[in-house]
Amino acid sequence: MVMLGLIPMAYLKWVFFACFVCSSLGLQTLSQSCDPTDLLALKEFAGNLTNGSIINSWSNNSFCCQWDGVVCGKEGNGSVASRVAMLILPKKGLKGIISRSLGRLDQLKRLDLSCNHFESVLPVELANLKQLEVLDLSHNMLTGRVSRVLSGLKMIRSLNVSSNSFRGDLLELGGFPNLAVFNVSNNSFTGMLNSQIWSASNGTEILDLSMNRFVGNLGSLENCSSSLKELHLEVNSLSGYLPDYLYSISSLQQLSLAENFFSGQLSEELSKLTSLTYLVIFGNHFSGELPNVFGNLTNLEFFIAHSNSFSGSLPLSFGLCLKLHVLDLRNNSLTGSIDLNFTRLPSLCTLDLASNHFSGPLPNSLADCHQLKILSLARNDFAGQVPETFAKLKSLLFLSLSNNSFVDLSKALSVLQQCKNLTTLILTKNFFGEEIPKKVSGFESLMVLALGNCGLKGHIPVWLSSCNKLQVLDLSWNHLDGSIPSWIGSMENLFYLDFSNNSLTREIPRNLSELKTLISTNCSSPSVTSSAGIPLFVMRNQRSNGLQYNRASSFPPSILLSNNMLNGTIPPEIGRWKQLHVLDLSRNKISGTVPSSISEMENLESLDLSSNDLIGSIPKSFEKLTFLSKFSVAYNLLHGEIPTGGQFLTFPASSFEGNSGLCREMDFPCGSSIVPKPVIPQQLTELESPFAFDWKVVLIGYGTGLIIGLVLGYIFCPRKYEWFDKIYGMRPNRIEIRRVH
């Protein structure tokens with residue numbers, strides 16, 4: 001009887017436990033169920049997608065509150081079904097259109113569809129999201145006008161529709177009392193700035209209207225919140241003077257007005273912006289002297305004001321900006337000597353004062369900037385020697401001193417060889433008429449060396465063979481004589497060689513054909529970048545006819561030996577240069593036939609063999625060079641029919657003139673008399689060159705500035721802070737706005 005009593009008791013315990021589990025599961029299921037209207041709206045949204053992981057994952061169950069990216073919350077009336085409060089789907093690879101059904105999620109507080117591939121226009125139904133506080137549609141491919149949609153979002157706190165293709169004006173927007181972040185950058189918005197957008201809010205912290213087509217002045221900023229921390233207006237068509245009240249926003253930390261049409265002087269009231277860390281005003285029409293008030297800006301880290309018309313001397317107060325990382329004033333009209341005390345700038349990483357009118361010697365105190373990585377003082381009137389103290393710049397990666405009047409190349413190299421991290425050294429147009437040093441050591445990290453246009457004498461020095469990482473070597477426009485050393489072909493990383501406009505003699509060494517980076521077909525075309533992320537760019541003009549040509553975004557692999565006194569024949573082994581883009585052997589004394597092996601250079605874009613003593617015919621196999629956009633064999637002794645396939649019909653008659661027997665029906669009918677070959681002077685000045693390629697080396701040839709060409713990267717790069725990081729090796733800190741949960 002006792003045993004019979006125990007059995008029902010144990011059984012009851014299991015029954016109670018099972019009921020408890022089932023009850024718990026049931027409650028959990030109910031708590032995770034979502035409102036039927038919300039469920040249908042989300043399914044319609046997913047139905048408009050053509051790609052993305054949520055298409056399958058959302059279709060597996062009907063409990064939408066458990067779906068990826070969906071966050072639910074209870075309504076205030078205490079109903080069992082939960083309402084969708086957040087839809088967070090950034091970087092999901094979603095493609096398609098944004099469904100109008102999302103407008104039925106009337107309890108939605110946060111919508112994040114950023115960094116996907118949404119197209120078409122915004123559905124006007126999104127204006128029904130009256131509870132929405134955070135909207136992020138950035139980095140998609142959305143188009144059309146948005147004012148009608150955004151104007152209905154009166155509870156919005158953070159709005160980001162940047163990096164799309166929206167257009168139209170924003171004059172309908174306004175009345176956002178809670179607005180903290182407003183980012184419409186990198187679109188095609190037009191019209192005047194609308195102060196109604198931010199005037200209703202006392203807590204606006206970030207305004208980013210950059211990279212659009214706004215016009216007018218900054219008069220509307222008078223109604224800006226006193227709590228504003230970031231103002232980004234760069235790359236528009238704004239103009240006028242900077243208003244006085246701009247200098248009264250004491251909370252301002254980041255101010256960017258670059259690439260507009262602002263003019264006038266910077267006011268001494270700038271000293272009031274004591275919170276400023278980031279001041280970027282390059283590419284405007286500012287003029288006059290820089291105010292000597294930077295000592296008050298003790299938090300300043302970035303001052304980038306290049307490409308304006310500032311004059312006068314460099315303010316000494318910069319020496320009090322202890323946190324300064326980047327000082328970029330290139331391409332202005334600043335004058336005088338540099339008397340700045342760099343000892344008090346321990347954080348300085350980039351100093352660019354190129355393309356001004358500075359004079360005198362280089363300051364010794366620069367050597368106290370132990371974090372200095374990028375130094376460009378090109379195109380000024382500096383003179384004297386490179387200070388011995390520069391040997392202390394152990395962090396230096398990039399140095400350009402081109403287009404000055406420095407002397408004593410031997411001493412300069414003996415100092416700079418101690419900068420063990422130096423990767424780029426540009427000394428073009430200095431040390432005129434000196435002898436190129438025969439014995440130099442160091443430079444183990446050097447990737448780019450430019451000593452062009454210095455009138456240097458002597459032979460190509462053997463110490464260059466120990467620069468194992470060298471990729472770009474420019475010794476053009478000097479008076480170097482002797483032969484091209486065979487060890488050049490053993491430089492494993494070299495892909496850009498410019499020995500043009502010298503007095504080099506003898507044959508082109510066959511070993512030159514062994515340059516590994518020009519032979520390899522297993523890697524893409526090399527690019528030159530220092531560890532600071534500073535690429536060297538080439539700008540090209542593309543022909544309007546012919547086939548599509550390569551558009552190299554970095555230095556084109558090139559062999560430039562023009563305007564010397566080289567003789568002998570063209571080594572047929574150079575056909576191994578599969579990666580070569582530019583070959584210029586013009587204005588020499590090269591004889592023999594044109595090697596058909598050149599047709600194996602499948603990436604060749606420019607070929608100039610003009611003004612030599614070549615005989616024979618143009619190989620028909622050259623028709624295979626489908627990327628060839630520039631070609632000249634003018635003024636040789638060639639004969640026979642000019643090929644008509646491939647790119648040859650796109651080349652003008654000047655590419656073939658001055659030969660004894662070349663013929664082409666459209667220019668030189670076979671059997672007609674050809675003008676005799678004229679005498680071409682061997683030594684030419686820069687402006688006398690009869691064959692001008694349509695690309696120009698921007699940085700290496702003449703050192704026109706540290707980051708010329710990179711500004712375009714900034715303008716068209718949607719992630720502008722990534723661009724900033726690539727140029728200066730760091731990025732400014734963005735103000736973090738607390739997210740709504």
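How big is the shadow of the Cα convex hull of the stretch 365-473, averaged over all directions, in nm²?
5.9
For the stretch 441-492, take the alpha-carbon Rg, divide it by the Kirkwood Rh, and send me Rg/Rh.
0.94
Assuming a ≥ b ≥ c are the square roots of the Cα gyration tensor eigenvalues, decide whether the stretch 583-657 counts as rounded (a/c under 1.5), prolate (otherwise, with a/b larger than b/c) or oblate.
rounded
Report the Rg/Rh value for the stretch 69-224, based on alpha-carbon coordinates and the Kirkwood definition of Rh.
When Rh is taken as the Kirkwood radius, the ratio is 0.98.
Taking every pair of alpha-carbon atoms in the stretch 79-141, what share in percent sits in each 10 Å bin, from 0 to the bin with the longest distance?
Spelled out bin by bin, the stretch 79-141 gives 22, 53, 21, 3 percent.
Would you check the accessible area of Tyr496, probe 1.4 Å, heavy atoms only, in square angstrom rounded to 10?
About 10 Å², ignoring ligands and nucleic acids.
Defining a contact as two alpha carbons under 8 Å apart and six or more residues distant in sequence, what relative contact order in percent does the stretch 219-300 show?
It comes to 28 percent, rounded to a whole number.
To check my understanding: the extent here is largest minus smallest coordinate of the Cα atoms along each principal axis. What are those three numbers for the stretch 272-384, in Å, largest first?
Projected onto the principal axes, the Cα atoms of the stretch 272-384 cover 38, 33, 21 Å.
For Lys130, list the aspartates and glutamates whose Cα falls under 20 Å from its own Cα; do not include residues on the same chain fewer than 8 positions away.
Of all the aspartates and glutamates, those that pass the test against Lys130 - Cα under 20 Å, at least 8 places apart if same chain - are Asp35, Asp38, Glu75, Asp106, Asp112, Glu172.
Just to verify a number: what accessible area does Ser248 come out at with the full protein assembly present, 1.4 Å probe, Å² rounded to tens?
Ser248 has an accessible surface of roughly 80 Å² with all protein chains in place.
State the dimensionless ratio Rg/Rh of the stretch 142-270 (Rg: radius of gyration of Cα atoms; Rh: Kirkwood radius).
Taking Rg over the Kirkwood Rh, I get 0.94.
R0 = 30 Å: FRET efficiency of Arg510 with Cys670, Cβ-based, nearest 0.05?
0.25
Met447 accessible area, nearest 10 Å², 1.4 Å probe?
Taking all protein chains as shown, Met447 has close to 30 Å².
Listed here are the pairs Lys74/Lys109; Lys578/Lys624; Lys392/Lys420; Lys457/Lys589; which of them are more than 19 Å apart at the Cα?
Lys457/Lys589
Looking at the stretch 190-257, which GluC sites (Glu not before Pro) are DSSP coil and have at most 10 other C-beta atoms within 10 Å of their C-beta?
Counting only loop positions with at most 10 other Cβ atoms within 10 Å, none of the GluC sites (Glu not before Pro) in the stretch 190-257 qualifies.
For Glu602 and Lys394, what is the calculated FRET efficiency with R₀ set at 35 Å and r taken between the beta-carbons, to the nearest 0.05?
After rounding, the FRET efficiency stands at 0.25.
The values are calculated or read from the model by the stated rules, or taken from the named source; none is laboratory data. Only a predicted model underlies this, so the values are computations on that prediction, with no experimental measurement involved. Note that we place each Cβ from the backbone using ideal geometry, even for glycine, and neighbour counts take in every protein chain shown. All accessible areas refer to the heavy atoms of the entire protein, side chains included, with ligands and DNA or RNA removed. Shrake-Rupley method; radii C 1.70, N 1.55, O 1.52, S 1.80 Å.
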